[in-house]
Amino acid sequence: MPGAGLCSCWGGQVLPLLLAYVCYLLLGATIFQLLEKQAEAQSRNEFQLEKLRFLENYTCLDQWALEQFVQVIMEAWVKGVNPKGNSTNPSNWDFGSSFFFAGTVVTTIGYGNLAPSTEAGQVFCVFYALLGIPLNVIFLNHLGTGLRAHLATIERWEDQPRRSQLLRVLGLALFLTLGTLVILIFPPMVFSRVEGWSFSEGFYFAFITLSTIGFGDYVVGTDPSKNYISVYRSLAAIWILLGLAWLALILPLVPLLLRRCCQLWLLSRGLGVKDGAAPDPSGLPRPQKIPISS
């Protein structure tokens, strides 16, 4: 019966996955609370002390006037205006910054430090995202389709001599290593240098960005005390698109590479991948084919 099949599917597959999902969320919530709650309380107390010192130094102000000024600062920050500096700060909506913002919209990163403040801008952002997000998904899926066509040749590697297989695996590993350096290692070094961050902060920004989490605590090109080149944020947006494309390429490739390395290791030990596999002319068992998922 359909109902029995549904219950069996729920009990056999969905329910354990749901429990693992909820447990993972609970584990994350617990660890984040332990790591961050005390630091938040300390920052809150330091901020209150700074407000008290400010009122002691400027006795012409009262608590209400200070709270009003803080509210003005918060509203400016929400609208993308950095309270530091003066009116000569670079615009958040010049072409380079607007290009960067458009990239964060279609990739669903959404740092949260900048958003349209006009009604026309908000309406346009909705329709722009409705078209841009599917276009971004189609672009990444197209890259994945091209990769699957390339992976079809990897299935036939066992038809070649073992030395040739080893060279192909080494070449593929070198390709992945160089790509990872270009996308995930060198850009954080550049961001750290330009923004004055540590390398760990730069790498944190790169990971949070390319994973499309986008907290907004670290964003490039927002410090008014620095003189950025005009195309800095545009180059950062291009890096984001290339990084997402790179992840779309390597995510299906890494498991296949690991399995191929395992097979070559078994062959070098004179072991078969699966009992009953037909031996090749050299007398070594042939590895089992790896199916390529559609």
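The values are calculated or read from the model by the stated rules, or taken from the named source; none is laboratory data. Since the model is a prediction, treat every value here as computed from it, not as a measurement. Only protein heavy atoms, including side chains, enter the accessible area calculation; ligands, DNA and RNA are left aside. Shrake-Rupley method; radii C 1.70, N 1.55, O 1.52, S 1.80 Å.
Worth pointing out:
- In terms of accessible area, using a 1.4 Å probe and ignoring ligands and nucleic acids, I183, I31 rank largest first as I31, I183.
- Accessible surface, 1.4 Å probe, highest first, among residues Y111, Y24, Y204, Y58: Y24, Y58, Y204, Y111
- Distribution of pairwise C-alpha distances over the stretch 86-267, 10 Å bins, in %: 8, 30, 29, 19, 10, 4, 1
- Computed over the alpha carbons of the stretch 165-236, Rg followed by Dmax gives 15.2, 54 Å.
- For the stretch 86-267, the carbon plus sulfur part of the accessible surface works out to 71%, probe radius 1.4 Å.
- The candidates L166, L34, arranged from most to least accessible area with a 1.4 Å probe in the full protein assembly, appear as L34, L166.
- Hz values of 3J(HN,Hα) by residue in the stretch 211-227 - Karplus curve (6.51, -1.76, 1.60), Gly and Pro given as x: 7, 6, 6, x, 5, x, 6, 10, 9, 6, x, 10, 8, x, 7, 10, 9
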